[in-house]
Structure formats: C-alpha cells, structure tokens
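Student: Pasting in a structure now, in structure tokens, and then I'll have a few things to ask.
Bear in mind that the values in this text are calculations on the coordinates, not laboratory data. Computed from a prediction, not measured in an experiment: that's the story for all the values here. Heads up, the Cβs are rebuilt from the backbone with ideal geometry, glycines too, and the neighbour counts pull from every protein chain shown.
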Amino acid sequence: MAQPDANTGRRRGRRVTTSLSEINVIPLVDVMLVLLIIFMVAAPMMQKGVEVNLPVTRRADKLTTADPLYVTVPLSYRRDRRVQIADEFVPIDVLGERMRQTMQARTDKQVYLRGDGAVQLQELMDVFGRLKEAGVQKIGVVAEERRAKQ
C-alpha cells in the first residue's frame with residue numbers, strides 16, 4: 001500500500017502520463033542517412049556513355065578546362081557516320097552547324113576530340129577538319145597514358 005504524502009495528505013500512486021504527440025526524428029534521420037549513402041554509391045554506376053578505347057601514348061597531359069566539350073568518334077562511325085557531341089549523337093553532315101550553335105554559347109572555343117583506337121586517322125582528320133570549319137579555335141586530341149607492364 002502506498003504511503004500518504006506529508007505535504008498534501010494524498011497517496012502517491014502511479015503517475016499516469018499522457019501520450020506525446022511529437023515525432024521521434026532519430027529513426028527518420030537514420031533512414032535518410034542510409035538512403036544518402038545508397039545513392040552516393042549507386043550514382044556513379046548509373047552514368048551512361050559510349051565505350052571508346054582511346055589510343056595510347058607515352059605521355060598524356062591532364063585536361064585543364066573546368067567544363068570541357070568532348071567530340072567522340074566511336075568505332076561505329078564507319079557504319080553510320082555519326083559522332084557524339086557531349087551526350088548527343090550527330091550525323092557528320094550537321095556537325096559544323098551544331099558546333100557553331102554550341103560555340104556561340106561558350107566562352108572558350110576549345111574542343112577535345114576523342115577517337116576510338118581502331119578508328120583510322122583519315123576518319124579522325126575528317127572530323128578534325130569539320131570542327132575547324134565550324135569555327136573551333138583549339139582542338140585537343142585525347143589519349144590515355146601508357147602504363148608500364150607489370
């Protein structure tokens with residue numbers, strides 16, 4: 001049996017608490033952090049692109065432009081005569097016009113030309129010439145650095 005309180009004369013019993021209407025945010029934060037980690041790991045895997053085997057050189061310089069514009073000549077160029085500007089495939093006949101439009105919006109008139117290692121030099125030079133006709137001031141050819149055999 002409960003003892004009476006000296007000040008009030010009432011008995012001390014179990015205290016009845018009302019339910020809290022607040023949301024416990026700790027599990028919510030835990031779930032959000034787990035989702036953030038999942039998306040951080042999965043995002044690099046979701047990038048799509050064209051598989052290009054770049055030619056190999058003894059020394060390859062690093063690119064210095066913050067937002068480079070790539071023109072890629074894939075191996076399928078022989079079949080369909082299409083190149084890739086950034087993420088878009090463009091027929092070679094409209095490459096000049098498309099590059100003029102792209103270069104108007106850019107401050108640097110530099111383009112990086114990537115070609116598959118199996119693409120012939122003549123095909124690469126054809127694209128190179130069309131880029132120059134379109135008003136591109138600087139064209140860099142992208143290559144991978146040759147790694148020492150282990």
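Student: Going highest first, how would you order 97-109, 71-83, 125-137 by mean Cβ packing within 10 Å? Spell out each step's value before the answer.
Tutor: On the way: 97-109: 13.3, 71-83: 17.8, 125-137: 15.8.
Per-residue mean Cβ counts within 10 Å order the peptides as 71-83, 125-137, 97-109.
Student: Another question about this same structure. By its C-alpha gyration tensor, with a ≥ b ≥ c as the square roots of the eigenvalues, how is the stretch 56-145 shaped: rounded for a/c under 1.5, else prolate for a/b larger than b/c, else oblate? Present the calculation step by step, with values, prior to reporting the outcome.
Tutor: Details: a/c = 1.80, a/b = 1.04, b/c = 1.72.
Judged from the Cα gyration tensor, the stretch 56-145 comes out oblate (a/c at least 1.5, b/c at or above a/b).
Student: Would you mind ranking Glu22, Glu88, Glu123 by Cβ crowding within 10 Å, fewest neighbours first?
Tutor: Numbers: Glu22 6, Glu88 10, Glu123 17.
Result, fewest neighbours first: Glu22, Glu88, Glu123.
Student: Residue by residue, what Karplus-based ³J(HN,Hα) values in Hz, rounded to whole numbers, does the stretch 112-124 have, using 6.51, -1.76 and 1.60 with θ = phi - 60° and x for Gly and Pro?
Tutor: Whole-Hz 3J(HN,Hα) from phi for the stretch 112-124: 9, 9, 10, x, 4, x, 8, 6, 6, 4, 4, 5, 5.
Student: Further, regarding this structure: Summing +1 for each Lys or Arg and -1 for each Asp or Glu, what net charge is found among the other residues whose Cβ lies under 14 Å from the Cβ of Leu124? Each step should come with its number before you reach the end.
Tutor: Details: positive: Arg78, Arg81, Arg114, Arg130, Lys132; negative: Asp116, Glu123, Asp126.
Value of the local net charge: +2.
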